[in-house]
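Step one of this worksheet: look at the structure below.
Laboratory data are not the source of any read-out in this text; all were calculated from the coordinates shown. Because the structure is predicted, anything quoted here is derived from the model rather than measured. In this analysis, Cβ positions are derived from the backbone assuming ideal geometry, glycine residues included, and neighbour counts consider all displayed protein chains.
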Amino acid sequence: MLKYLEELCMMPGISGYEEEVCDVILDIAVNQCHVDTVRKDVMGSLIVTKKAKVQSGKKLPKLMIAAHMDEVGFMVKKIEDNGYVRFVPVGGIDKRVVLGHKVYIGPDMVPGVIGLKAFHMVTKEEERHAPDYVEMYIDIGARNREQAEKLVSLGDQIVFHSDFVRFGNGMIKAKAIDDRFGCALMLNLLEQDLPMDLTCAFTVQEEVGLRGAYGAAYAEKPDIALIIEGASSADVPAQPKNTRVTQAGLGPVIGLMDNGAFYDEGLFRLLTSLADENGIPWQVKTKVAGGTDAGAIQTSRAGVRVANVSVCCRYAHTASLVISEKDADDAFSLVKLFVEAVAGGKARK
């Protein structure tokens, strides 16, 4: 399952700047997965199709699996006379977790550090609240605007610097696991001999409003869509057990309801029964929270039956997301079983 995960996580690609990630995925899909068709739409989403090795002759629902290529990050909004860079967030990033982080800016990956007024200079009132983004800046080591403008430009993307690390009891830490995990899973699936024709949509701009998924679903007209995602977790010591949303190590998260979609009950039951029959642990969110591309896909045209399989992610939308490697492997196994079940006619309404 993890064959492509490290490579994809290490690449820069905030919402609206997914081209580099897309190019790598396209190369893998064509040259290693040997897909049959590829298409890049006007938004930048990549849609690939691989045909079944043996055609069954049965009329099957059209199945699309989707995952988004973009990650959260920042964008350059102003370069100050003193050479410091002002920025805005792209996607939902908790402002409490960004101070002191190393970042890379623009196509040349210029290094910088997110800074703020020194702590010994803040007032008692300022100590009581998290600083706003308008108070922060990025230090790129430039002495003035002229030097800075030789390195970065207005509108440049800014990504977190974060190494890909395996640690502890089968855990993985990296940036952009949400949702390069889903992209890696789909590529691993496309390497297989498939029991039915399969469309995979690598979508753009999910983090800023599911924008790429709208166009992909409208054009492809799937009957069933399975969305692969990273589900936010709160399984940390200070959090009561009944509010932890999801917990790393307890298996893939199967979507039932979130802030953007109400998942098809029949497909939910199919996923849970497949997991139970094959000894795959699974969980549901203990709180209605977050959202996926299903929020856009479900309402496309006359409607689409949607399902969701996610991996539990600690510290979502930060520089250091953490997942369980076993959860990731189990999610891949479950998705593969789901495709086989749809090919076997088990997903009929």
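Rounded to the nearest 10 degrees, the angle from helix 211-220 to the longest Cα principal axis of the chain is 20 degrees.
Taking the fewest neighbouring Cβ atoms within 10 Å as the starting point, the ordered list for Phe268, Phe160, Phe167 is Phe167, Phe268, Phe160.
For Ala66, the residues whose modelled amide H falls within less than 5 Å of its own, excluding neighbours fewer than 5 places apart on the same chain, are Ala201, Leu226, Ile227, Ile228.
Taking other Cβ atoms within 10 Å as a rough exposure proxy, Thr203, Thr123 sort from fewest to most as Thr123, Thr203.
Going down the list Lys40/Lys150; Lys53/Lys175; Lys326/Lys346; Lys173/Lys285; Lys58/Lys221; Lys124/Lys241, which pairs span over 29 Å between their C-alpha atoms? Pairs exceeding 29 Å: Lys40/Lys150; Lys53/Lys175; Lys124/Lys241. Exposure proxy for Ile177, Ile140, Ile158: other Cβ atoms within 10 Å of each Cβ, ordered fewest to most, give Ile140, Ile158, Ile177. Using only Cα atoms, tell me the angle between helix 325-343 and the longest principal axis of the chain; keep it within 0 to 90° and round to the nearest 10. On a 0 to 90 degree scale, this one is about 40. Put simply, the Cα atoms of the chain extend 70, 44, 38 Å along their principal axes, the longest span coming first. Here region 73-160 was treated as a single set of alpha-carbon atoms; its pair distances binned every 10 Å from 0 give 17, 52, 25, 5, 0 percent.
In terms of overall dimensions, region 141-284 has a Cα radius of gyration and Dmax of 19.7, 64 angstrom.
Relative to the longest principal axis of the C-alpha atoms of the chain, give the angle of the C-alpha long axis of helix 177-190, reported between 0 and 90° and rounded to the nearest 10°. Its long axis makes an angle of about 30 degrees.
The Rg/Rh ratio for region 98-206, using Cα coordinates for both the radius of gyration and the Kirkwood hydrodynamic radius, is 1.12.
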